[in-house]
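Undergrad: Got a structure for you, written out below as structure tokens; questions coming shortly.
The values are calculated or read from the model by the stated rules, or taken from the named source; none is laboratory data. No experiment lies behind these values; they were computed from the predicted model shown. Every residue, glycine among them, receives a Cβ derived from its backbone with ideal geometry; neighbour counts consider all protein chains shown.
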Amino acid sequence: MNADQAATLKARLEEDRRQILSGVNKLLEHSNDEFENDVPDINDEASRTYNRQVLLSLGEVDRQQLKQIDEALKLIEQNNGEYGICVDCEEKIPFARLKAAPYVRRCIKCKESLEESSRTEP
Ligand SMILES: [Zn+2]
């Protein structure tokens, strides 16, 4: 992955993250003024910590996604060149797939075989 591709994914991840957090902020605005000051500044890219109230307000899906986004951002920042390597077969994940879902950790083949093996019904 080159630097441009990494930057594209990073922007995409940060945008997704902003969207999740802005949904929470809207929720909190109407829930309890007491927590107003605890809501993270979503424009501050360095602020990656979330308080309990924010996390509680997130649905399970959003919380998982936020975690995946943060992990992906961390990995991209740590080593641009290595990002996008399948954790199972260590092949490069196609950039088109990453662009659609920047936080995927497996190539399509490995994801499918994982889903296949975790299927409990025949
Ligand atoms: Zn793979």
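Undergrad: Among the residues of the stretch 54-91, write down those that are farther than 14 Å from Met1 by Cα, more than 14 Å from the chain's Cα centre (by Cα) and modelled with pLDDT of 90 or more.
TA: Val87, Asp88, Cys89
Undergrad: When you scan the stretch 93-108, how many residues do you find that are over 21 Å from Arg18 (Cα atoms) and surrounded by fewer than 14 Cβ atoms within 10 Å (Cβ to Cβ)?
TA: 3
Undergrad: Another one. Considering the stretch 93-122 alone, what residues qualify as being more than 14 Å from the ligand (Cβ to nearest atom) and assigned to a loop (DSSP other than H, G, I, E, B)?
TA: Answer for the stretch 93-122, where residues must be more than 14 Å from the ligand (Cβ to nearest atom) and assigned to a loop (DSSP other than H, G, I, E, B): Ala101, Pro102, Tyr103, Arg119, Thr120, Glu121, Pro122.
Undergrad: Could you please find all residues in the stretch 69-92 being in a helix (DSSP H, G or I) and within 15 Å of the ligand (Cβ to nearest atom)?
TA: Result: Glu82, single match.
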